[in-house]
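Let me begin by presenting the structure, written as structure tokens, before commenting on it.
The numbers here are math on the coordinates, done by the rules we state, and not lab data. Just so you know, these numbers come straight off a predicted model, no measurement behind them. Quick reminder, even Gly has a Cβ in these numbers, built from the backbone with ideal geometry, and neighbours come from all protein chains shown.
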Amino acid sequence: MADKAAWPPAPPKDENEGERAARLEAEREAKRISDEIDRALEQERQELRKRRPQTKILLLGQSESGKSTMVKNFQLYFCPTTFYAEAEAWRAVIHLNLVRHVNHILELLSTSDSPPGKQIPNKDYRVLQMRLSPLKQVELILTRALSAEASNSSSTSPTAEKSTWRPDRVTEVSIRGGSGWKALMRKRRGSIARLPTIPDEVDDARRILDACKDDVVALWKAQEPGNLEDGSADHGRYFLNNAARVSDIKYIPTADDILRARLRTLGVEEYRMAMETAAEKGTEWVFYDVGGARSQRAAWASYFDDVNAMIFLCPISGFNQQLAEDVFVNRLADSMELWSTVCKSKLLANATFILLLNKADLLAAKLKAGLKFEDFAPSYRGRPNKAEYVAEYLREQMMATHRFSSPKKRQLHVHVTCAIDTNLMGVVLTSVRDVILIDTLQHTTLL
Ligand SMILES: Nc1nc2c(ncn2[C@@H]2O[C@H](COP(=O)(O)OP(=O)(O)OP(=O)(O)O)[C@@H](O)[C@H]2O)c(=O)[nH]1
Ligand SMILES: [Mg+2]
């Protein structure tokens, strides 16, 4: 019986010369096409091999610890072209950060008889309030464009205390895994015919904000400086301080602005970075940036497998703060508990462990403003109330937890960081990169 799969098939018995020539030609053409497909498939296989993640890095830590900011730092240092190419997309996030805080202040004004600032008369506040009312619409447009949640969320939680500007009470926008919003924000009008109207609306929002910028500056100037005790939502204060520049129609976000922009992560975001710097050019690093809120943490474990490095961020300024999701839990205590759980993980036993004691700038500012660390950590009693001593104390505590909890002996690399300080981060990231490269290489050689 003839093999049905055999190629080329046996020639028909009664084939004449002309038919034979046509058949051979058809077979040659079929083979050429088949070879071409094989070549394309092989090329694709090679491409895929080249693109295969060589280094997988997981970022863990509670919400607002600075994980997404750290990813931006990696991008800024090792893939600057991509980082700056996305600057435009960040403008909408920055505008939303600013407008939410302005609307929060306006809301306080509307619910209070005595405005929070004392520097301009009451009637002038009312005028500002009226002139800035279009910013409600701006908030709505930008929220709709960026958000993973319902677009009608208000800028202020119902528990906001009257007359007090509380940046931490301004609700945040979240994004879901996948950075589709960046692509959407980058698209200019007319570039894709069937694109939704969001970019047009975002441009409208930009024009409204530009028209309101002097009033935003006036409103913020009239505020009392506010206290730094909490220190969360620090980005609100930053963008309000820079309101004139940020609201201008010609505004292009700087690296500092992008590092300050806040967009809460929901789920797990994957970032693939083709490294541009000489030492690791051509290699691809894959970052998994998780949402840090308690409700998000159950999803983490499925990303623990097979990672080369785990970077844990502990915001050391959180000693006097509570979790947004549970006001009975101290932020630093939550971080410590989380750290212990991560150290114990058997799935992460072979990963390089990097601990970043982040937000060192806010810790220093709080202690300088008079807060006493020992009031929140009795075991610290009697030691200097200075940031470097507190950081050292926390480093020792967390290193001890790592030593006791890890399933096997492992080195721990610790850095005290300020993720918004680009000069400092350059040094830290180079060191982190070296450690990851060396560990990955050693691991590959051992296998
Ligand atoms: N002052 C100061 N602000 C920081 C520092 N690191 C991060 N931030 C700011 O803190 C805010 C929160 O940072 P994110 O990187 O979004 O936090 P996250 O850990 O990704 O939070 P989730 O996505 O909710 O899990 C941002 O506005 C950052 O700009 C720091 O060292 N100092
Ligand atoms: Mg995040």
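Qualifying trypsin sites (Lys or Arg not before Pro) in segment 238-305, where qualification requires a DSSP coil assignment and no more than 16 other C-beta atoms within 10 Å, comprise Lys250, Lys281.
With viscosity set to 1.002 mPa s and temperature to 20 °C, compute the Stokes-Einstein D of segment 304-380, Rh being the Kirkwood radius across alpha carbon pairs; µm²/s, no decimals. Can you show the working numbers first?
Details: Rh = 13.9 Å.
Translational diffusion coefficient: 154 µm²/s.
When only the Cβ of Lys, Arg, Asp and Glu is charged (+1, +1, -1, -1), the dipole of segment 288-447 relative to its Cα centre reaches about 400 debye. So which of Lys72/Lys346; Lys67/Lys372; Lys123/Lys372; Lys67/Lys250; Lys67/Lys123 end up more than 32 Å apart by C-alpha? With Cα atoms farther than 32 Å apart: Lys123/Lys372; Lys67/Lys123.
Scanning residues 5 or more positions from Val414 or on other chains, those with amide H under 5 Å from its amide H are Leu355, with H placed 1.01 Å from N in the peptide plane. Multiplying the residue separation of Glu19 and Arg144 by 0.36 nm and removing their Cα-Cα distance gives an extension gain of 38.4 nm. Gain on full extension, evaluated as 0.36 nm per residue between Arg410 and Ile33 minus their Cα-Cα distance, stands at 130.3 nm. The phi torsions of segment 25-34, fed into the Karplus equation with coefficients 6.51, -1.76 and 1.60 and a -60° offset, translate into couplings of 4, 5, 5, 4, 5, 4, 5, 4, 5, 4 Hz, rounded to whole numbers, with Gly and Pro shown as x.
Backbone geometry of segment 355-360 corresponds, through the Karplus equation with coefficients 6.51, -1.76 and 1.60 at θ = phi - 60°, to 3J(HN,Hα) couplings of 10, 10, 8, 8, 6, 5 Hz, x marking Gly and Pro.
Suppose the chain between Glu88 and Met399 were pulled fully straight at 0.36 nm per residue; how much longer would it get relative to their current alpha carbon spacing?
Using 0.36 nm per residue and subtracting the Cα-Cα distance, I get 107.9 nm.
Working note: Cα atoms of segment 368-447, range along each principal axis, descending, whole Å: 52, 34, 14.
Please give me, ordered by residue number, the chymotrypsin sites (Phe, Trp or Tyr not before Pro) of segment 348-409 that lie in loop per DSSP and have at most 16 other Cβ atoms within 10 Å. For chymotrypsin sites (Phe, Trp or Tyr not before Pro) across segment 348-409 that sit outside H, G, I, E and B with at most 16 neighbouring Cβ atoms in 10 Å, the list reads Phe376.
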